[in-house]
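*Asks:* Please see the structure below; I have some questions.
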Amino acid sequence: MATQRIARVGAFPPCFSSEAQFRQWRETARRVPPSESQYCADCTPAYQSEMIRLCRCAHPGTTFHLTADGFLEGVRPGCPLSKRKREGA
């Protein structure tokens with residue numbers, strides 16, 4: 001059975017539960033800028049699988065890689081692996 005993305009008009013990506021949750025992510029991202037993969041950089045394989053199952057993943061081709069400082073990072077197709085350092089790392 002093929003999954004389809006849910007088309008939703010809104011100010012936040014479908015994988016976030018609310019605009020407030022997305023706003024909170026953006027505030028944190030100001031301190032530790034994400035890679036070109038944006039919010040997918042902070043996703044996890046388990047959460048991605050659940051969002052795909054619920055047709056709420058806008059970037060199902062995102063893959064996961066360990067960064068040089070040992071953190072798991074989601075990387076969207078076509079985006080380079082990042083060299084970002086986490087806060088306090």
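Every number here is computed from the coordinates shown, using simple stated rules; none is lab data. Just so it is clear, the model here is predicted, and its values are computed rather than measured. Using ideal geometry, Cβ is built from the backbone for each residue, glycine included, and neighbour counts are taken over all protein chains shown.
*Asks:* Give me the number: length gained by fully extending Phe71 to Glu19, i.e. 0.36 nm times residue separation minus the C-alpha to C-alpha distance, one decimal in nm.
*Replies:* 16.1 nm
*Asks:* Separate question: So if R0 is 35 Å, what FRET efficiency would Val32 and Ile52 give, r being the distance between their Cβ atoms, rounded to the nearest 0.05?
*Replies:* So, using R0 = 35 Å, E works out to roughly 0.85.
*Asks:* How would you order 58-65, 27-34 from highest to lowest mean count of nearby Cβ atoms within 10 Å?
*Replies:* 58-65, 27-34
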